[in-house]
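Have a look at the structure below, then the notes.
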Amino acid sequence: MSRILVTGGAGYIGSHFVHRYLKKHPEAPIVVVDNLSEGHRESLDGLKTVTLLQEDTGDRATMCSILQEHQIQTVIHFAASCYVGESQEQPAKYFENNCAKTLVLLDAMDHCGVKEIVFSSTCASYGNPDYVPIDESHPQMPINVYGTTKLMVEQALRAYALAKGWSYVALRYFNAAGADESGLIGEHHDPETHLIPLILQAALGKRNSIQIYGDDYDTPDGTCIRDYIHVNDLADAHIAAIKYLRCNPGGEVFNLGTRTGSSVLEVIDMCRKITGKEIPVQVSQRRPGDPAVLVSNAEKAHNLLGWQAQYDLERIVATAWHWEQASRY
Ligand SMILES: NC(=O)c1ccc[n+]([C@@H]2O[C@H](COP(=O)([O-])OP(=O)(O)OC[C@H]3O[C@@H](n4cnc5c(N)ncnc54)[C@H](O)[C@@H]3O)[C@@H](O)[C@H]2O)c1
């Protein structure tokens, strides 16, 4: 069994990937590097074959010794800073953590002869869409620092593939949501900025209401439409991507979404249905830089990875609600 290194594996999506990978390969040794700046040690509790190392991807010597000592074949790179709003306020933090530290990781991989990587990219790399659903050949013109950092790393990977014969897959996620059915792991960002946990926290009375930023968009109910994709579906796409890059040298990018858009009001209604709670809403001004509609065309992932999203919005909200009511961290 070849060994994988998961950066950011104690975070939201990374921990779901680790759990899901172990369901498929129960004996697989997995090394997780997470500096725990945002991640949760508890998310990996009880996983016997997982070695969690509290280290930073920007430490070249440490990354080299981990890659060598654990004989890593493939890196799954989730570690990043992920708040769009914060990226606008602190660009340097994002260029440092998402770009500079990734370049250090890539250099360490190069030094150690590790040539396979799966990278967490984002639909934010497209910017304001010219058309929807968005396919992979849509121009990438990010309108925020966060999306720019992800695009820069995609380009670095392409350059490594050309220069050094690496194999990479960049996965452009749309809106990650939901939690594993086990209730053991789920979403906990601090501060939370994602819509579904915010609505569910309002349902639990942890927030007074949910803010809707603009109800005058050119959409059927006036609120923004997004493509919500279950975190376990994302995890499964990574498993398919690892298999894919081992048979297909070079680089490939894939959108990961459901091709189904849900408006903010539709998501709130689904949360009301699942929780049985009245959830107060407040409408405020549009936020700058929020496109009206972001919906994926994920046909390429279906055709080449044999992957397709399995969870619909109802299951996404139901699993998130299960987690939110009794979250362990
Ligand atoms: N959540 C989404 O909707 C979404 C959408 C598109 C892309 N992504 C990308 O997916 C990845 C995971 O996102 P998430 O929502 O799980 O975020 P998260 O913050 O929960 O996870 C990121 C993890 O990386 C760790 N980390 C950050 N910088 C590190 C460093 N320099 N060294 C070691 N560890 C470090 C953090 O401690 C955290 O555990 C990110 O790359 C993010 O940009 C997320």
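The values are calculated or read from the model by the stated rules, or taken from the named source; none is laboratory data. Keep in mind it's a predicted model, so treat the numbers as computed, not measured. Note: ideal-geometry Cβ built from the backbone for every residue, glycine included; neighbour counts use all protein chains shown.
Residue-by-condition table, conditions (1) closer than 15 Å to Leu256 by Cα; (2) charged (D, E, K, R); (3) outside the structural domain of His77 (by TED's automatic domain parsing):
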position: Ala108; (1), (2), (3): no, no, no
position: Val118; (1), (2), (3): yes, no, no
position: Gly127; (1), (2), (3): no, no, no
position: Asp130; (1), (2), (3): no, yes, no
position: Pro133; (1), (2), (3): yes, no, no
position: Pro142; (1), (2), (3): no, no, no
position: Thr149; (1), (2), (3): no, no, no
position: Val153; (1), (2), (3): no, no, no
position: Leu157; (1), (2), (3): no, no, no
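Taking into account only those residues within region 283-316 that are of a type in the set (A, V, I, L, M) and assigned to a loop (DSSP other than H, G, I, E, B), which is farthest from Tyr228 (Cα to Cα)? Here the residue is Ala292.
When you scan region 165-193, how many residues do you find that are more than 23 Å from Gln140 (Cβ to Cβ) and either out of contact with any His (no Cβ under 8 Å at 6 or more places or on another chain) or more than 9 Å from the ligand (Cβ to nearest atom) (or both)? So the answer is 14.
Here's the yes/no breakdown for (1) assigned by TED's automatic domain parsing to the domain that holds Lys115; (2) among the aromatic types (Phe, Trp, Tyr); (3) surrounded by fewer than 22 Cβ atoms within 10 Å (Cβ to Cβ):
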site	(1), (2), (3)
Ala240	yes, no, yes
Lys243	yes, no, yes
Gly251	yes, no, yes
Asp269	no, no, yes
Gly276	no, no, yes
Pro280	no, no, yes
Val283	no, no, yes
Ala320	no, no, no
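Counting only residues that are under 22 Å from Arg158 (Cβ atoms) and either more than 10 Å from the ligand (Cβ to nearest atom) or touching a residue at least 60 places away in the same chain (Cβ under 8 Å) (or both), give me the strands (runs of 3 or more DSSP E) lying completely in region 48-123 with at least 1 of them.
72-77, 116-122
State whether the residues of region 17-29 include one that is more than 6 Å from the ligand (Cβ to nearest atom) and without any contact (Cβ under 8 Å) to a residue 24 or more places away in the chain. Yes, region 17-29 contains at least one residue that is more than 6 Å from the ligand (Cβ to nearest atom) and without any contact (Cβ under 8 Å) to a residue 24 or more places away in the chain.
May I ask you to say which residue of Leu36, Leu5 is hydrophobic (A, V, I, L, M, F, W, C), out of contact with any strand residue (DSSP E or B) (no Cβ under 7 Å at 6 or more places or on another chain) and either within 10 Å of the ligand (Cβ to nearest atom) or not in a loop (DSSP other than H, G, I, E, B) (or both)? Write out each step before concluding.
On the way: Leu5 fails: out of contact with any strand residue (DSSP E or B) (no Cβ under 7 Å at 6 or more places or on another chain).
Only one candidate qualifies: Leu36.
Can you confirm whether region 194-209 contains a residue that is under 17 Å from Cys99 (Cα atoms) and within 14 Å of the ligand (Cβ to nearest atom)? Within region 194-209 (the criterion being under 17 Å from Cys99 (Cα atoms) and within 14 Å of the ligand (Cβ to nearest atom)), the answer is no, since none of the residues qualifies.
Scanning region 128-141 for residues that are modelled with pLDDT under 95 and under 19 Å from the mean Cα position of the chain (by Cα) yields a count of 0. Taking Pro220 as the residue in question, decide whether it is without any contact (Cβ under 8 Å) to a residue 60 or more places away in the chain and surrounded by fewer than 18 Cβ atoms within 10 Å (Cβ to Cβ). So Pro220 fits the description; yes.
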